[in-house]
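The values are calculated or read from the model by the stated rules, or taken from the named source; none is laboratory data. Since this is a predicted model, take the numbers as computed values, not measurements. Cβ: placed from backbone, ideal geometry, glycine included. Neighbour counts: every protein chain shown. The accessibility values were calculated without ligands, DNA or RNA, using every heavy atom of the protein model including side chains. Shrake-Rupley method; radii C 1.70, N 1.55, O 1.52, S 1.80 Å.
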Amino acid sequence: MADSRETKTFGEMLEILRGKDPKQAREDALFSERIHNQSLKYKNTSPSSWPDIDFQWDINSASQRYAMDGLTEEEFNSRYPAGFLLGEVDLVQIDRLLSKDCYRSPEELWEVGSGSKLAKMIVYLSEGHPISPPLIKVIDGDKLFFEGGNHRFAVAKAVNEERIPIYVQPKYKSKISELVKVNWMTK
């Protein structure tokens, strides 16, 4: 039987503060640590040296909150009571319309965003774990911006995914439909 006074890692304490029970917090912290340790060998490498990645898009409405990194279920329901709309698009169409803050050329793969998050995403996806679609909004009238999912999109682009699902707040549906051909899966 584990001593209830045993030292907890920083990751465990964060998970407990987010409301997880100590056992689940420990499992999640160990999982995160394992992903991190394995990701170190992929940081700053070319996609040709990555393991095979087969996206397992999690489009379950109950999982929408994961499109926004770190939101609890309560926070998600408070901020987005209507949830998100789900669509499918050609990755190239989205890529052409990305704002300068979100766009990354193949040469900038490791220069934009967080290299450690990108490397962790590579490991996570290569293990077949489910991932929520990127959340996109319109800015400046005709540019697309990731509210969540920049690293997911970067991996999809790097491994030449042709079509990807996206999440959109209902208020952006009509404008996004003007800019990109979207196969809407929800109304």
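Taken over the chain, the alpha-carbon convex hull comes to 132 cubic angstrom per residue. On full extension, the segment bounded by GLU178 and SER63 gains 38.7 nm, given 0.36 nm per residue less the C-alpha separation. Taking all protein chains as shown and a probe of 1.4 angstrom, SER61 keeps an accessible surface of around 90 Å². Coordinate range of the alpha-carbon atoms in the stretch 124-175 per principal axis, descending: 37, 19, 16 Å. Using a simple spin-label model with pseudo-atoms 7 Å out from Cα toward Cβ, ARG34 and ASP52 lie 2.1 nm apart. Relative protection proxy for 48-54, 169-175, from highest mean packing down: 169-175, 48-54 (other beta-carbon atoms within 10 angstrom). Note on surface exposure: ASP140, ASP69 rank ASP140, ASP69 by accessible area, highest first, 1.4 Å probe. Of the listed residues SER63, SER32, the order by accessible area with a 1.4 Å probe, largest first, is SER32, SER63.
Rounded to the nearest 20, the size of the Cβ-charge dipole of the chain about its Cα centre is 340 debye, with Lys and Arg at +1 and Asp and Glu at -1. Short-range pairs are left out: with C-alpha atoms under 8 Å and at least six residues apart, the relative contact order of the chain is 30 percent. The calculated Kirkwood hydrodynamic radius for the stretch 84-131 is 12.8 Å, given to one decimal from all distinct C-alpha pairs. Excluding ligands, DNA and RNA, the accessible surface per residue across the chain is 58 Å² with a 1.4 Å probe. Helices meeting the span-like rule in the chain (full DSSP H runs, Cα extent of at least 15 Å along the helix axis, mean Kyte-Doolittle score of 0.5 or higher): 115-126. Scanning residues 5 or more positions from GLU147 or on other chains, those with amide H under 5 Å from its amide H are LEU135, ILE136, LYS137, with H placed 1.01 Å from N in the peptide plane.
When the solvent-accessible area of the chain is split by element, carbon and sulfur atoms take up 49 percent of it, the probe being 1.4 Å. GLU111 contributes an accessible area of around 140 Å² to the protein surface, as traced by a 1.4 Å probe with all chains present.
Of the residues ARG79, ARG65, ARG96, the one with the largest accessible area comes first in the ranking ARG96, ARG79, ARG65, computed with a 1.4 Å probe on protein heavy atoms.
At each listed q (0.11, 0.13, 0.15, 0.18 Å⁻¹), what is the log10 of I(q)/I(0) that the Debye formula gives for the stretch 87-187 modelled as equal alpha-carbon point scatterers? Computed log10 I(q)/I(0) values: -0.31, -0.43, -0.58, -0.83. Helical runs assigned H by DSSP (4 residues or longer) give the chain a calculated mean residue ellipticity at 222 nm of -10500 deg cm²/dmol, each run adding -39500 (n - 2.57) before division by the residue total. Think of the stretch 94-187 as a dipole: +1 on every Lys or Arg Cβ, -1 on every Asp or Glu Cβ, centred on the Cα centre; then among PRO130, ALA158, TYR103, PRO130 lies furthest on the positive end. The calculated FRET efficiency for THR45 paired with LYS143, based on their beta-carbon distance and R0 = 30 Å, is about 0.50. Candidate cross-link partners of LYS175 among the lysines, defined by an alpha-carbon separation under 21 Å and a same-chain spacing of 8 or more, comprise LYS100, LYS137, LYS143, LYS187.
To the nearest 10, the accessible area of GLU73 is 110 Å² with a 1.4 Å probe.
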